[in-house]
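Some notes on the structure that comes next.
The values are calculated or read from the model by the stated rules, or taken from the named source; none is laboratory data. The model shown is predicted, which means the values in this text are computed figures rather than measured ones. Glycine gets a Cβ as well: all are built from the backbone with ideal geometry, and neighbour counts include every protein chain shown.
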Number of protein chains: 2
Amino acid sequence: MKELIYHRMLLPAVAQNADRPCATNSGTGVTTTFAEHLDRVGRTIGALQSLGVGRSDRFAIMTLNSLEYLELYHAAFLGGGVVNPLNLRFAPKELAYVLRDSGTKVCFVDAFFAKLIDSVKEEAGLEHVVLIGAGDVPHTVNHADLLAAAKPVIPDEGEETDPVVLMYTGGTTGLPKGVLLDQRAELLNAYHVMMRLQFDRNSTNLIQTPMFHAASMFAVLGGPAQGAHTVILPLFDPAAVMKVVKAYQPTTTVMVPTMIGMTMAHPDFTPEGLGSFTDLVYGASPMPQALLEKLLALYPDTDIWQGYGMTESSSVLAFLGPDEHRAGGKYLRAAGRPLPGVVLSIQDEEGNMLPPGEPGEVCARAGNFMIEYWNKPEATAEVFRDGWYHTGDAGYLDADGYLYLVDRVKDMIVTGGENVYSTEVENAVALHPAVLQVAVIGIPSEQWGEAVLAIVVLKEGATATQEEIIAHCREWIAGYKLPKSIEFRAEPLPLSGAMKVLKKDLRAPYWEGHERKVN
Amino acid sequence: MKELIYHRMLLPAVAQNADRPCATNSGTGVTTTFAEHLDRVGRTIGALQSLGVGRSDRFAIMTLNSLEYLELYHAAFLGGGVVNPLNLRFAPKELAYVLRDSGTKVCFVDAFFAKLIDSVKEEAGLEHVVLIGAGDVPHTVNHADLLAAAKPVIPDEGEETDPVVLMYTGGTTGLPKGVLLDQRAELLNAYHVMMRLQFDRNSTNLIQTPMFHAASMFAVLGGPAQGAHTVILPLFDPAAVMKVVKAYQPTTTVMVPTMIGMTMAHPDFTPEGLGSFTDLVYGASPMPQALLEKLLALYPDTDIWQGYGMTESSSVLAFLGPDEHRAGGKYLRAAGRPLPGVVLSIQDEEGNMLPPGEPGEVCARAGNFMIEYWNKPEATAEVFRDGWYHTGDAGYLDADGYLYLVDRVKDMIVTGGENVYSTEVENAVALHPAVLQVAVIGIPSEQWGEAVLAIVVLKEGATATQEEIIAHCREWIAGYKLPKSIEFRAEPLPLSGAMKVLKKDLRAPYWEGHERKVN
């Protein structure tokens, strides 16, 4: 089958929009038209072929967001190879592992990452390091030269089941695993999203999440396929976002809550700062309720969406839509309802389906799931059981089909025989006016098995004692869920490349010499 | 592959909306909830199995629109059989042919059609005629008894490539051909449509086009799958539509232009008559420009859509959207832009792709096309050539990707060596204030090969001569396109079940003893 392949989306869009703007790098101000974009994508494929990369071979990218990043993605989707987009936070050991595990021989870098890649080149078994842009940094080939010498090639249409993305999931838990996705999964994800969130040639889509992340995928694919103008922010920072909003008036974007929070907390922030969006999607990590309410109050006319999903599902499984955001109340605690094409269920440890209201593991079936974890049949078999993908998230569905997440299964704390969902405790702590950041973890306890610990960063100039914060939480949550202790930190909590708090790193020092059981 | 099957759409919708209204028959006022609907669909499948109909066996329906029609469709889509929805205008000979050609053994009828089906029962080889509703009419089984005795059965999920609809195309050209469609084609059609035209559980979808027609298909599938309330009008008539609009305030509907025209021309019509729709889709036959302008002026807040497609594509290939309708001008002459997932091209007789602006045959590739014409490998091979479906429509694409139709290829008139598109002449004639209805055909002419003839019905009380109408046309179209003669008729032009003028029937008496060459 050939219908759910990117040839069928991008090529008609180019034909219909040849001279219209396809993509702009907001850092350099460079814009390519659709015709220019396709020409550059074709040359990129020619260049990949000249480096020995065929349709099923992997190539990697480690650069800031850029036009070239988009071109490399589209090159892969038109049959130029399997793209391996590297997490910019990967440590050298992780990088070497990921490159070797995937059999990647060609890596595209920019001046920011060339040295790092060079330092692992040998260990990773890389043959070519292609430098995008200028820079006096180690590399083997120059991207501009390569493209100038290459003939544009658009390979024949492949099959829906051709692998096209190998995306290693960020290191929040253990060594990264390669998520292998095919054309069909990526296109169905884009279809499912576009049955809710529409864009067309009048849209301007701002990509500000890192392009290695699954959260960027439907913008990477869906925007250009609809003739939309894609504006690419090389690297998120609040001032840059506000500048881009002013300059390009983007209509659609995806942000993680941390990005929204940082932008709205910036000293130069005014409502115009995020004021051009007709649709704003957030997701990938929990949204603090106070921030969400502030956002909704400030932008009553913007359609606000929450996305829930994961790399393994090419990104989105459920959306909480604008109507629910405007209705407020209990809906603001929901993660949304499944997209058309996605079926959700809640299962217990034996795989029994649980009725509405009962929490268990969130499971899903849909056409947008990965083929497998690359070279990991056991890990693959562990997540796909009886035809259902097991997300590792704990949650429940209500009778109306809304999904409520209670925690990551592995972040759930078992204390004195009771299950405590860390996010619930975090929400309570976060409501204390002095608290800037909080993460709740379980630490070993002889008395309780695990004890609830809250790690807190206070707002600048604010003060609060352990006793005050615990007393505050007592108003919001049951006694057995209260933090047994609070650890105050002066520096920000460690974040993953996707800007999630790295609880694994927070837990590590406490669990040295102990073994933690995770369901 | 099992993702693009209706199990994955309907069953979650039922789980999320069990006690909400699923469907209402506006004639009887009966409403079923989603839970009741699924129970009845399950019993219908049980009943089909008791009559010997398995997953790949055909069963037919010849009834007015009804709840049972929706249940029978959904029974087919959940693995209960292949549904053969019969055109209510089929003549006995056509019916007998269609039933025998398809190998249909079971036909569902209501009191309106029971006698007709009985009259062809033997010739058709029918074994069971199931009567829906009451009536002292010939039948072999009663639907209510059958359902009461049946156990609800929901068969296991099938495959995307399982055939599910065998829809014989209306008799506008030759003997009807069976269009065999699978789950995947029907679901992709619904997906493509829903990437433009959204509905959700807050929508109320009015089905007023006949349910045997492809134009009803995305309402049949997509509405219930999104938790929308489906209101079913048994049989179109203008007064009934206005009553239903008042009573149920439907938000979405599909109408053919004739239905819109008849409703707006009704003596009791007021703007409230079609006033509840947020989205109104028209299609299936050309829209007179004056009517469209009247509709747009009267309903500036309604999103008006034009659909272009055919039974072979499970219905829709292109939409002309609300923005274009509001922009007006040249856009009102367009048939729209291809839906996401659909690729269009214009080809000459040798299959060469033509550049923007040049008219030729409209060709398409998309996941929503039929498997084949049932038992007609040659007819199938004739329409699918080099991977493109050939629509038989003449048209061109502009540089922006808008499709403009000029005619059916077989309605094109070759006169004195020049191609004349009949619709262009019809548009000119229709602008004469005395003209109610017009159809333009080619008739044999020794001098010209074919001569242009306009068949005209005048408005009540209006008068016009042949000379006056031709003189009027001279202001709008080139001399060689002018009608050589006008035939005035007192009675309305013959319409197909889909309310298209039957040009074949108009041409027949003129062409007796002549052979007409069609490209």
For region B:440-478, enumerate the residues that are within 15 Å of B:Y421 (Cβ to Cβ) and exposed (fewer than 15 other Cβ atoms within 10 Å of the Cβ).
B:A478
Within region B:384-418, the residues that are modelled with pLDDT of 95 or more and away from chain A (no Cβ under 14 Å) are B:R385, B:H390
If I ask for residues that are touching a residue at least 12 places away in the same chain (Cβ under 8 Å) and either within 14 Å of another protein chain (Cβ to nearest Cβ) or buried (at least 22 other Cβ atoms within 10 Å of the Cβ) (or both), which ones from region B:345-355 would you list?
B:S345, B:I346, B:L354
All-but-one check, A:M1 against (1) within 14 Å of chain B (Cβ to nearest Cβ); (2) assigned to a loop (DSSP other than H, G, I, E, B); (3) at pLDDT 95 or above, failing number (3)
Subset of region B:191-222 (residues that are aromatic (F, W, Y) and under 19 Å from B:N25 (Cβ atoms))
B:F212
Selection count where residues are surrounded by fewer than 21 Cβ atoms within 10 Å (Cβ to Cβ) and of a type outside the set (A, V, I, L, M), scope region A:289-310:
8
Do we find that A:T32 is modelled with pLDDT of 95 or more, more than 14 Å from every other protein chain (Cβ to nearest Cβ), over 23 Å from the mean Cα position of the chain (by Cα) and part of a strand (DSSP E or B) in this structure?
yes
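Restricting to region A:419-455, name every residue that is charged (D, E, K, R), at pLDDT 85 or above and in a helix (DSSP H, G or I). It would help to see each step written out before you state the result.
Start the filter on region A:419-455 by keeping residues that are charged (D, E, K, R), which leaves A:424, A:426, A:446, A:450.
The next check asks that each one be at pLDDT 85 or above; those that pass are A:426, A:450.
Result: A:E426, single match.
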Given the conditions (1) farther than 16 Å from B:Q49 by Cα; (2) modelled with pLDDT of 95 or more, which single one is not true for B:F90?
(2)
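Looking at this structure, is B:L175 more than 17 Å from the chain's Cα centre (by Cα), assigned by TED's automatic domain parsing to the domain that holds B:T28 and either acidic (D, E) or closer than 20 Å to B:V98 by Cβ (or both)?
Values: more than 17 Å from the chain's Cα centre (by Cα): yes; assigned by TED's automatic domain parsing to the domain that holds B:T28: yes; either acidic (D, E) or closer than 20 Å to B:V98 by Cβ (or both): yes.
Judged against the criteria, B:L175 is a match.
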Report every pair of residues separated by at least 6 positions or lying on different chains whose Cβ atoms are under 7 Å apart, first residue within region B:356-382 and within 13 Å of another protein chain (Cβ to nearest Cβ) and surrounded by 23 or more Cβ atoms within 10 Å (Cβ to Cβ), second of a type in the set (S, T, Y) and part of a loop (DSSP other than H, G, I, E, B).
B:N368/B:S314
Pair list, Cβ under 9 Å, 6 or more apart: region B:238-257 residue outside the structural domain of B:L291 (by TED's automatic domain parsing), other residue of a type in the set (V, I, T)
none
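Please list, ordered by residue number, the strands (runs of 3 or more DSSP E) wholly in region B:295-350 having 2 or more residues that are of a type outside the set (V, I, T) and within 17 Å of the chain's Cα centre (by Cα). Let's see the steps before the verdict.
Working: elements: B:303-310, B:315-320, B:342-347.
Answer list for region B:295-350: B:303-310, B:315-320.
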Taking B:A76, is it within 26 Å of B:D39 (Cα to Cα), in the same structural domain as B:F218 (by TED's automatic domain parsing) and surrounded by fewer than 23 Cβ atoms within 10 Å (Cβ to Cβ)?
no
Any residue that is modelled with pLDDT under 95, more than 29 Å from A:A190 (Cβ to Cβ) and out of contact with any strand residue (DSSP E or B) (no Cβ under 7 Å at 6 or more places or on another chain) - is there at least one of those in region B:340-356?
yes
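Is it true that B:R40 is at pLDDT 95 or above, touching a strand residue (DSSP E or B) at 6+ places or on another chain (Cβ under 8 Å) and within 14 Å of another protein chain (Cβ to nearest Cβ)?
Details: at pLDDT 95 or above: yes; touching a strand residue (DSSP E or B) at 6+ places or on another chain (Cβ under 8 Å): yes; within 14 Å of another protein chain (Cβ to nearest Cβ): no.
No, not satisfied.
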Of those in region B:20-29 that are away from every other protein chain (no Cβ under 12 Å) and not in a strand (DSSP E or B), the residue surrounded by the most Cβ atoms within 10 Å (Cβ to Cβ) is B:S26
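Quickly run through region A:401-456 and pick out the residues that are among the β-branched types (V, I, T) and touching a His at 6+ places or on another chain (Cβ under 7 Å). Even if it seems obvious, please write down each step before you answer.
Of the residues in region A:401-456, the ones among the β-branched types (V, I, T) are A:406, A:409, A:413-415, A:420, A:423, A:425, A:429, A:435, A:438, A:440-441, A:443, A:452, A:455-456.
Hits for region A:401-456: nothing passes.
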How many of the residues making up region A:8-19 are more than 9 Å from every other protein chain (Cβ to nearest Cβ) and either closer than 11 Å to A:F77 by Cβ or in contact with a Ser or Thr (Cβ under 7 Å, 6 or more places away or on another chain) (or both)?
1
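Considering only residues that are among the hydrophobic types (A, V, I, L, M, F, W, C) and without any contact (Cβ under 8 Å) to a residue 60 or more places away in the chain, look in region B:321-344 and name the one that is nearest to the other protein chains (Cβ to nearest Cβ).
Restricting attention to region B:321-344, the residues satisfying the condition of being among the hydrophobic types (A, V, I, L, M, F, W, C) are B:327, B:332, B:334-335, B:339, B:342-344.
Among the residues that remain, those that are also without any contact (Cβ under 8 Å) to a residue 60 or more places away in the chain are: B:327, B:332, B:343-344.
Numbers: B:A327: 12, B:L332: 19, B:V343: 5, B:L344: 8 Å.
Selected residue: B:V343.
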Scanning region A:108-141 for residues that are in contact with a Phe, Trp or Tyr (Cβ under 9 Å, 6 or more places away or on another chain) and at positive phi gives A:G135
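Would region B:138-155 turn up any residue that is of a type in the set (K, R) and outside any loop (DSSP other than H, G, I, E, B)? Full working, then the answer.
Just the residues of region B:138-155 that are of a type in the set (K, R), to begin with: B:151.
Checking the rest, the ones that are also outside any loop (DSSP other than H, G, I, E, B) come to none.
Checked against the condition, which is being of a type in the set (K, R) and outside any loop (DSSP other than H, G, I, E, B), region B:138-155 yields no hits at all.
One line per residue, one yes/no per condition, for (1) surrounded by fewer than 22 Cβ atoms within 10 Å (Cβ to Cβ); (2) at pLDDT below 95; (3) away from chain A (no Cβ under 12 Å):
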| site | (1), (2), (3) |
| --- | --- |
| B:V164 | no, no, yes |
| B:V179 | no, no, yes |
| B:L206 | no, no, yes |
| B:M211 | no, no, yes |
| B:L221 | no, no, no |
| B:H229 | no, no, yes |
| B:K243 | yes, no, yes |
For the subset of region B:84-133 comprising residues that are free of Cβ contacts under 8 Å to residues at least 60 places away in the same chain, assigned to a helix (DSSP H, G or I) and among the small types (G, A, S), which member is surrounded by the fewest Cβ atoms within 10 Å (Cβ to Cβ)?
B:S119
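What residue, of B:N189, B:N202, is at pLDDT below 95 and within 14 Å of chain A (Cβ to nearest Cβ)? Spell out the reasoning first.
On the way: B:N189 fails: at pLDDT below 95.
The unique qualifying residue is B:N202.
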If you go through region B:47-57 one residue at a time, do you hit one that is out of contact with any Gly (no Cβ under 8 Å at 6 or more places or on another chain) and assigned to a helix (DSSP H, G or I)?
yes
